[in-house]
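Novice: There's a structure below that I have some questions on.
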There are 4 protein chains.
Amino acid sequence: MGKARLEAFSDGVIAILITIMVLEMKVPHGASLESLRPTLPTFLSYVLSFVYLGIYWNNHHHMLHMVQHVTGPMLWANLHLLFWLSLVPFVTGWMGENDFGRVPAALYGVVLLFAGTAYVILQHLIIKSQGKDSPLKRAIGNDWKGKASPVLYGLGIAGAFVHGFISLACYVTVAGIWLVPDMRIERALRADE
Amino acid sequence: MGKARLEAFSDGVIAILITIMVLEMKVPHGASLESLRPTLPTFLSYVLSFVYLGIYWNNHHHMLHMVQHVTGPMLWANLHLLFWLSLVPFVTGWMGENDFGRVPAALYGVVLLFAGTAYVILQHLIIKSQGKDSPLKRAIGNDWKGKASPVLYGLGIAGAFVHGFISLACYVTVAGIWLVPDMRIERALRADE
Amino acid sequence: MGKARLEAFSDGVIAILITIMVLEMKVPHGASLESLRPTLPTFLSYVLSFVYLGIYWNNHHHMLHMVQHVTGPMLWANLHLLFWLSLVPFVTGWMGENDFGRVPAALYGVVLLFAGTAYVILQHLIIKSQGKDSPLKRAIGNDWKGKASPVLYGLGIAGAFVHGFISLACYVTVAGIWLVPDMRIERALRADE
Amino acid sequence: MGKARLEAFSDGVIAILITIMVLEMKVPHGASLESLRPTLPTFLSYVLSFVYLGIYWNNHHHMLHMVQHVTGPMLWANLHLLFWLSLVPFVTGWMGENDFGRVPAALYGVVLLFAGTAYVILQHLIIKSQGKDSPLKRAIGNDWKGKASPVLYGLGIAGAFVHGFISLACYVTVAGIWLVPDMRIERALRADE
């Protein structure tokens, strides 16, 4: 019961974030194709952030599937995750308006890194609440994606000071490795049935 | 279960899109009736897009009715559809601000064409998952609407370079043929009961 | 089942409308109390519109309670209602920015009149679908509120051309008579239990 | 049944409020770290308001848990609470843009005070509807948090005229004492099981 409302609230926030980002793409004043060009970096940032929020929604969905009982700390860990995700439209707009400049590209990575950390904290609280033999723990296994992501975010943040496109490449790579929905959890779920 | 959350998330995104479009209609500074006139094309674009999003919500609703089991690829195909729909407020605003100019009118059609394609992909994945004798496949039948729409979008995009009103006529026609809720699915559903 | 999704979608749209209206209240640049003064008419318009949307949500809630089966035309009548409600933030902003000027005050009434008409159409479709001895028909009884509202909206629209405050008085009156939740439906429901 | 829709609507509004606040953080034009500095007070206000809305969502969640039957006055008391919460993004933006200036810092407290009062009214209506031996009444006990908060808000409002940081300290203190989820209700619930 509490879980349904937690899911609904998280879905609501993610659905709003994924949609208000598009408001950062200001309608250009001219009517020609060239007048769209300045919008292009913002559009690309938007696509990347859309994919990221889609991944978070997707994995959040899979993870909460395995929760039997929502505790107070989980509610707050979830709000903490939503907080960092709520900054995504801001850093997306800033990165897009500045053509993937150094500081904006680095800050984008910082926000992703905090969001990732918040996700890991939530995941940890759920595993802890399930006791040993936690089904979620079994499902995520060695969690190589969870370990590789902060390293790649770190590379992206550092790389921003060489060139924004290096960070972009790192962030696209992280999105790529997560884009595959979390097969491990699906497999574990199916094994349970 | 997973289906309920997919529906809720899609409904959330479409509800937000259908409402934030109205934010593109900037409140005019004057207080006279004439000061509203520049808002008129934006208003007409808003009406058209409202109808389109209403149709998508409606048909999405009917289609998901027939899904028994949500798979990973369906989740992503659904997000892909939502992505194109999320660009509707942007192109609506651009088309409205430029009095149905050529490039904006064409781009509006391009976004509709991609959204339509994304819908067909989602539909295809659902049919495939249902195996032969898929109830959804039976329900959509020869799918003449699904076949006519891309042709009309194409005409609309090409026609934009003659005059924006030609594209507008094409888009209004597509909306018209879909406005009738998908009787076929309703009929098939009733036959199943 | 279809009803749950219709409710959820309508709630979503109304929840968004009631909240984005606050975005029309632009944050003033100064930090003094006087710098807030220009925001006052917008604030008062916001309060009025918040109450209106609250009334619509409340009555919609009560009315859908009595629906057993959602039909295609009901879905569209509901979207039609949401369309007129979606224009409320726009006319609220315009009326507020122009200190209840004539044309904005009249247009506000026009949008309310259309929204009210759309509500009556939806109500009519529900009653028709319930056949004779419709519980909703019994519940609304002689519907004096439904009959008085368009008259008051009409007075408000006409009165706007004398002074915006006359319309305001009319709109506040309509809100006042509806503010009492629809006791008749509640009574009928209780009688059924 | 009515309760589910009340929860869903409230969650929707709070989810939207918590997310649109981020739109008040305007994307800066420069690309350097310094160009972010003017955004800092707005960011801090945003963090504070995010925590407040999170607390409201959390406690609202716990309180509605204990409601068996939603009455008409509860619906309106809930809308009244949502009204004051809907002003949070506005006062957050104003306080942030003016570096915690006197009037904005005081107004922020006024809105929090009204929201708190609205919450108490809703709480009171629920307790009254449960008759004597109300489980909610038992759960909140002596309600020292509910009594301390208005005092602290009052101090914050008065303190604003000395310095905005005094109010800020008061508001942070209130957030701090509520941040702990309402253990009393959880304990009472567990005792009931």
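The values are calculated or read from the model by the stated rules, or taken from the named source; none is laboratory data. Just so it is clear, the model here is predicted, and its values are computed rather than measured. Because the Cβ atoms are built from the backbone with ideal geometry, glycine has one as well, and the counts that use them run over all protein chains shown. Areas reflect the complete protein model, heavy atoms only, side chains present, ligands, DNA and RNA absent. Shrake-Rupley method; radii C 1.70, N 1.55, O 1.52, S 1.80 Å.
Novice: I need the P(r) histogram for the range C:1-106: all alpha carbon pairs, bin width 10 Å from 0 out to the longest distance, whole percents.
Specialist: The percentages, shortest bin first, are 14, 39, 26, 15, 6, 1.
Novice: For residue D:70, enumerate residues with amide H under 5 Å from its amide H, sequence gap 5+ or separate chain, H modeled in the peptide plane.
Specialist: D:3
Novice: Place the label 7 angstrom along Cα→C-beta at residue C:30 and in each other copy, then list the distances from the first to the rest in nm, shortest first.
Specialist: Between copies, matching label points for residue C:30 lie 2.8, 2.8, 4.0 nm apart.
Novice: Taking each pair of distinct Cα atoms in the protein assembly as shown once, what is the resulting Kirkwood hydrodynamic radius in Å?
Specialist: On the way: mean 1/r = 0.0364 Å⁻¹.
One over the average 1/r among Cα pairs gives 27.5 Å for the protein assembly as shown.
Novice: In Å², and per residue, what accessible area does the range D:51-127 have when probed at 1.4 Å with the other protein chains present? Walk me through the numbers on the way to the answer.
Specialist: Values: 2060 Å² over 77 residues.
So the range D:51-127 comes to 27 Å² accessible per residue, rounded to a whole number.
Novice: For peptide C:73-81, what's the mean number of Cβ atoms from other chains within 10 Å of each residue's Cβ? Spell out each step's value before the answer.
Specialist: Details: counts 1, 0, 6, 7, 0, 1, 8, 2, 0.
Counting other chains' Cβ atoms within 10 Å and averaging over C:73-81 gives 3.
Novice: A further question on this structure: What quantity of accessible surface, computed with a 1.4 Å probe and excluding non-protein components, is buried in total between chains C and B, in Å² to the nearest 100? Write down the numbers at each step before the final one.
Specialist: Values: alone 10580 and 10610 Å², together 18350 Å².
About 2800 Å² of accessible surface is lost on pairing.
Novice: If contacts are Cα pairs under 8 angstrom and at least 6 residues apart, what is the relative contact order of the range C:1-87 in percent? Working shown, then result.
Specialist: Numbers: 34 pairs, mean separation 43.4, N = 87.
About 50 percent, as a whole number.
Novice: Please compute, for peptide C:43-51, the average count of beta-carbon atoms on other protein chains lying within 10 Å of each residue's beta-carbon. Don't skip to the answer; put the middle values down first.
Specialist: Working: counts 2, 0, 0, 4, 1, 0, 0, 5, 3.
Counting Cβ atoms of other protein chains within 10 Å of each residue's Cβ and averaging gives 2.
Novice: Let me ask something else. Using only alpha carbon pairs under 8 Å that are at least six residues apart, calculate the relative contact order of the range C:78-154 and give it in whole percent.
Specialist: Values: 48 pairs, mean separation 25.8, N = 77.
Relative contact order here is 34 percent.
Novice: Hey, any idea what % of the range C:1-132's accessible area is carbon plus sulfur with a 1.4 Å probe?
Specialist: Solvent-exposed carbon and sulfur of the range C:1-132 make up 68 percent of the total.
Novice: Still on this structure: Straight-line reach from residue C:147: which lysines have a Cα under 17 Å away, not including same-chain ones fewer than 8 places off?
Specialist: Cross-link targets: C:137.
Novice: Something else now. Considering only D:70, B:50, A:94, whose Cα is most displaced toward the positive end of the charge dipole of the protein assembly as shown, charges sitting on Cβ of Lys, Arg (+1) and Asp, Glu (-1)?
Specialist: D:70
Novice: List, in order, the whole-Hz ³J(HN,Hα) value for each residue of the range C:23-36 obtained from phi through the Karplus relation with A = 6.51, B = -1.76, C = 1.60 and θ = phi - 60°; use x for Gly and Pro.
Specialist: 5, 6, 7, 5, 4, x, 7, x, 10, 8, 5, 5, 5, 7
Novice: Give me D for chain A in µm² s⁻¹, whole number, from Stokes-Einstein with Rh from the Kirkwood sum over alpha-carbon pairs, 20 °C and 1.002 mPa s.
Specialist: Values: Rh = 17.6 Å.
It comes out at roughly 122 µm²/s.
Novice: Could you work out the mean count of beta carbons from other protein chains within 10 Å of each residue's beta carbon in D:82-89? Provide the component values of the computation, followed by the final result.
Specialist: Values: counts 5, 7, 0, 1, 8, 4, 1, 5.
Averaged over the peptide's residues, the number is 4.
Novice: Follow-up. Please state the relative contact order of chain A as a whole percent: Cα pairs under 8 Å, 6+ residues apart? Mind showing how you got there, number by number?
Specialist: Numbers: 207 pairs, mean separation 46.7, N = 193.
Worked out over chain A, it gives 24 percent.
Novice: Mean Kyte-Doolittle of at least -0.5 plus a Cα span of 20 Å or more along the axis: flag which DSSP H helices in chain C meet both, please. Could the numbers behind the result be given before it?
Specialist: Working: long enough: C:2-20 (27 Å, 1.07); C:40-64 (36 Å, 0.55); C:72-86 (21 Å, 0.95); C:102-129 (41 Å, 1.35); C:144-159 (22 Å, 0.37); C:164-179 (22 Å, 1.84).
Long hydrophobic helices here: C:2-20, C:40-64, C:72-86, C:102-129, C:144-159, C:164-179.
Novice: Distances from residue A:138 to the same position in the other copies: list them in nm, one decimal, shortest first, using label points 7 Å from Cα along Cα→Cβ.
Specialist: Listed shortest first, these distances are 3.9, 3.9, 5.5 nm.
Novice: Could you pull out the pairs from A:3/B:3; A:3/B:128; C:26/D:26 whose alpha carbons sit more than 24 Å apart here? Mind showing how you got there, number by number?
Specialist: Working: A:3/B:3 16 Å; A:3/B:128 32 Å; C:26/D:26 13 Å.
From the list (A:3/B:3; A:3/B:128; C:26/D:26), the Cα-Cα distance tops 24 Å for A:3/B:128.
Novice: Give the nm distances, rounded to one decimal, from residue A:47 to the matching residue in every other copy, measuring between label points 7 Å along Cα toward the beta carbon; shortest first.
Specialist: Here the equivalent label points are 3.5, 3.5, 4.9 nm apart from this one.
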